[in-house]
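Single-structure report; data block below.
The values are calculated or read from the model by the stated rules, or taken from the named source; none is laboratory data. Keep in mind it's a predicted model, so treat the numbers as computed, not measured. As a convention, Cβ positions derive from the backbone with ideal geometry for all residues, glycine included, and neighbour counts pool all protein chains shown. Side chains are part of the model used for accessible areas, which takes the heavy atoms of the whole protein and leaves out ligands, DNA and RNA. Shrake-Rupley method; radii C 1.70, N 1.55, O 1.52, S 1.80 Å.
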Amino acid sequence: MDHQSTLERVVRGVLIALVLLFFMFPIVWILMMSFQTNEQILRIPPSLAFEPTLENYQALITGRLETQAGTLDIRFMSNLWNSLVLSVCSVALALVLGVPAAYAFARFRFRLGEDIAFTLLSFRFAPPLLVLLPLTLYFQELGLADTYIGLIWVYQLICLPLILWIVRGYFEDVSPDIEHAYRTAGHGWLTTFRRISIPLTAPGIAAAGLLAFIFAWNNFIFALVLASADKQPVTVGALAFVTASGIQYGQIAAAIVLSITPTLALALYAQRYLVEGLSLGAVKG
Amino acid sequence: MSTIELSGVSKRFGASVALDGISLRVESGETVAIIGASGAGKTVLLRLVAGVEDPSGGMIAIGGADMADVAPERRGIGMAFQNFALFPHMTAFDNIASPLSARGASADEVRRGVESVARMLKIESVLDHRPRALSNGQKQRTALARALAASPSILLLDDPLRNVDAKLRFEMRLEFERLLADQGATTLYVTQDYREAMALGHRIAVMDGGRLAQVGTPEEIYFKPTGVEVARQFGDPTINLVPAHPASDDRGAFATVGGARLDLAPGADAVANGRECMVGIRPEALAFTEDAAGVFVVEAVTPLNEKVVTLVAGAEGTELLVSRPSHEPTRRPGERVSLHVAAREVLLFAREDGARLSGAGAGAGAGSTPP
């Protein structure tokens, strides 16, 4: 790439800057909003100059929201904790169930195999509202409504298909001969799965897990219907900022910043695994 | 005692038949080279013996024991895959060590085992490299070292020289001969190169369309092929095949090839019995004779180091390849020549199914050996 002209470099720089601006602007704007009071946010015309305040974060962390109409209790921090518990457990469960299933779908042809795989995928494009009403009734009957276990179970509709289908593709990319070679070298299939199949698809599993985590974290509708106040994740909890005395934009922005931080951190951390080469030249290609 | 015994083994993938009734017995310590075109079923056969695929029918026995319910890791085999199938996330050392550690060897034994096989294959210097950092030749040796590391009594080598360059392939072919003899393992060696098969196999099994076309010693395969397909796969340049009607007169059985009389072994016309035939003549069995009125015209001369291949044309567009040692006088294009071939070296095939009718070839007798 050292043969490009100055013009090409300039154009490339400008284009990259434009793309960055386009994608980063909302995040930067929200970050700025989170340090402003509601009055500063709502003034007309809007201005980039403001005195930063930590009021919003303070309100979230202490759980006390001061408005003109009075003081309001919010449970943002417990919502954040709920989000974390729900997402981490859902992804963990989905990985435990989904990775072996993905391996089975990738390696073995069995009766109805494709149909089962597709049915699982179809959970992703069925409208959630369609299943929510019956699900609510069943969950109340079973005593699963408003429990972590119930929610984690329902979250499998989000995580499991994602992990299953992404990881399946990665397993299919690993030459079965590599596994065969390990078997003929004298290892059982379980050892082969642990020492060969899983390490070789680790980047894919990480990617799928991350994606599933983000989807679970961002889920709104299942939690809205099936969880009450003390099990609510941040997505539902943010509704509390729409108060009788107006929408608390500053707190919403601060809540958003706090709630995207874990996923952002995770994505940045996992990035190096995601881009790492996959088959590493084992098989002559 | 590690014999390999296949009886009536078949393998189907859906509607397509990959192997059809293969029966083959490989003696302990014997090397059988399996040769055939792509898709003939060579690799499938090896995979069945390794146990990574299950046969659709028939029985596979190793050392006399039925392998039907024996997992690949319990068959005591070493296998080298055509695509190497190295473990990409492990160093060459760990790759080679895997069969040793699987057998519960101590760290010290593993290190000694790996180092000795690495020394033999000249890859000691790259043991700490990952497969990605290895050249194709080194990958191939690493894969081979892994197959040999635990000194298995059964070796399955799936075209191990397929993916290496011509020079290395030649060197490795020479090394393999010694290597296989040293190991003393019962070996199935799959290849597409007839030279490899003849150099390394005590016997050769020729596969065609999922069946065994012929099993025999290299000499038998070369001089007494069961059919046209087998004859075509062995020899470079390939055998001359010309349509002919065997007949006989007072000088004996003959056929006309390119306008010249070709003497056949006595009784050849009786064997042919009026059927459409093909005569097969190895290019190196043909010799030029001094004859200014020859019916063949030299078309092209191709010198190849140790031999000269000459293309000659006769009547009715018949073209023949003649391969002579390069110390013999070379012909010039346009020159008229006559050809001579000993009657016993002419193979006669039936036209409709390609089966050999007569012509035992020279056999291993007259001091002639396959190239």
- Pick from B:73, B:30: which is of a type in the set (Asp, Glu) and under 29 Å from residue B:216 (Cβ atoms)? B:30
- Message: Among the residues that make up segment A:148-156, is at least one of them free of Cβ contacts under 8 Å to residues at least 60 places away in the same chain and not in a loop (DSSP other than H, G, I, E, B)?
- Response: yes
- Query: Across segment B:299-316, what is the number of residues that are under 21 Å from residue B:342 (Cα atoms) and part of a strand (DSSP E or B)?
  - Reply: 7
- Which numbered condition trips up residue B:266, out of (1) under 18 Å from residue B:343 (Cβ atoms); (2) under 25 Å from the mean Cα position of the chain (by Cα)? (2)
- Of everything in segment A:198-208 that's open to solvent by 10 Å² or more (accessible area, probe 1.4 Å) and small (Gly, Ala, Ser), which residue is farthest from the other protein chains (Cβ to nearest Cβ)? A:207
- Can you name every residue in segment B:203-225 that is within 27 Å of residue B:17 (Cα to Cα), crowded, with 24+ Cβ neighbours inside 10 Å and of a type outside the set (A, V, I, L, M, F, W, C)? B:225
- Task: Give the residue that is nearest to residue B:97 (Cα to Cα), with candidates limited to residues of segment B:67-80 that are more than 9 Å from chain A (Cβ to nearest Cβ) and surrounded by 14 or more Cβ atoms within 10 Å (Cβ to Cβ).
- Result: B:70
- Just to be sure, is residue B:92 open to solvent by less than 40 Å² (accessible area, probe 1.4 Å), at the interface with chain A (Cβ under 10 Å from one of its Cβ atoms) and either among the aliphatic types (A, V, I, L, M) or within 30 Å of residue B:24 (Cα to Cα) (or both)? no
- Please work out which residue is farthest from residue A:224 (Cα to Cα), limiting yourself to segment A:117-139 and to residues that are open to solvent by 80 Å² or more (accessible area, probe 1.4 Å) and at pLDDT 85 or above. A:118
- Task: Given the conditions (1) out of contact with any helix residue (DSSP H, G or I) (no Cβ under 9 Å at 6 or more places or on another chain); (2) in contact (Cβ under 8 Å) with a residue 12 or more places away in the chain; (3) open to solvent by 20 Å² or more (accessible area, probe 1.4 Å), report the number of the one that residue B:122 does not fulfil.
- Result: (1)
- Some residue of segment A:146-155 being in contact with a Ser or Thr (Cβ under 7 Å, 6 or more places away or on another chain), over 27 Å from residue A:198 (Cβ atoms) and modelled with pLDDT under 90: yes
- Message: I need every pair where a residue in segment A:125-144 that is assigned by TED's automatic domain parsing to the domain that holds residue A:161 has its Cβ under 9 Å from the Cβ of a residue that is part of a helix (DSSP H, G or I) and among the hydroxyl-bearing types (Ser, Thr, Tyr), sequence separation at least 6 or different chains.
- Response: A:144/A:138
- Is there any pair linking a residue in segment B:328-354 that is at positive phi to one that is not in a strand (DSSP E or B), with Cβ under 7 Å and at least six apart or on different chains, and which? B:354/B:228; B:354/B:229
- Could we say that residue B:64 is modelled with pLDDT under 95, in contact with an Asp or Glu (Cβ under 8 Å, 6 or more places away or on another chain) and more than 8 Å from every other protein chain (Cβ to nearest Cβ) here? yes
- Query: Can you tell me which residue in segment A:229-247 is nearest to residue A:150 (Cα to Cα), limited to those that are of a type in the set (A, V, I, L, M) and open to solvent by 40 Å² or more (accessible area, probe 1.4 Å)?
  - Reply: A:229
- Message: Taking the conditions exactly as written (outside the structural domain of residue A:223 (by TED's automatic domain parsing) and within 20 Å of residue A:259 (Cβ to Cβ)), does residue A:44 satisfy them or not?
- Response: no
- Among the residues of segment A:177-197, the number that are in contact (Cβ under 8 Å) with a residue 60 or more places away in the chain, out of contact with any strand residue (DSSP E or B) (no Cβ under 7 Å at 6 or more places or on another chain) and at the interface with chain B (Cβ under 7 Å from one of its Cβ atoms) is 1
- Query: From the set of residues in segment B:128-138 that are open to solvent by 20 Å² or more (accessible area, probe 1.4 Å) and of a type outside the set (Asp, Glu), which is nearest to residue A:183 (Cα to Cα)?
  - Reply: B:130
- Item | Condition check for residue A:186: modelled with pLDDT under 90, open to solvent by less than 40 Å² (accessible area, probe 1.4 Å) and either closer than 27 Å to residue B:94 by Cα or among the basic types (Lys, Arg) (or both) | no
- Just one listed residue, out of B:139, B:167, B:122, is at positive phi and either modelled with pLDDT under 90 or touching a strand residue (DSSP E or B) at 6+ places or on another chain (Cβ under 9 Å) (or both), and it is B:122
- Can you pull out the residues in segment B:173-202 that are surrounded by 20 or more Cβ atoms within 10 Å (Cβ to Cβ), under 21 Å from residue B:235 (Cα atoms) and not aromatic (Phe, Trp, Tyr)? B:190, B:191, B:196, B:197, B:198, B:200, B:201
- Task: Tell me which residues, restricted to segment B:226-266, are polar (S, T, N, Q), outside any loop (DSSP other than H, G, I, E, B) and surrounded by fewer than 19 Cβ atoms within 10 Å (Cβ to Cβ).
- Result: B:248, B:256
- Query: With respect to the numbered conditions (1) open to solvent by 70 Å² or more (accessible area, probe 1.4 Å); (2) within 24 Å of the chain's Cα centre (by Cα); (3) more than 30 Å from residue A:55 (Cβ to Cβ), which one is the sole condition not fulfilled by residue A:75?
  - Reply: (3)
- Within segment B:308-327, the residues that are in contact (Cβ under 8 Å) with a residue 12 or more places away in the chain and farther than 22 Å from residue B:279 by Cβ are B:308, B:325, B:326
- Task: Starting from residues that are among the polar types (S, T, N, Q) and in a loop (DSSP other than H, G, I, E, B), keep the ones in segment A:1-35 and report whichever is surrounded by the most Cβ atoms within 10 Å (Cβ to Cβ).
- Result: A:34
- Which one of B:173, B:132, B:111 is away from every other protein chain (no Cβ under 14 Å) and under 24 Å from residue A:187 (Cα atoms)? B:111
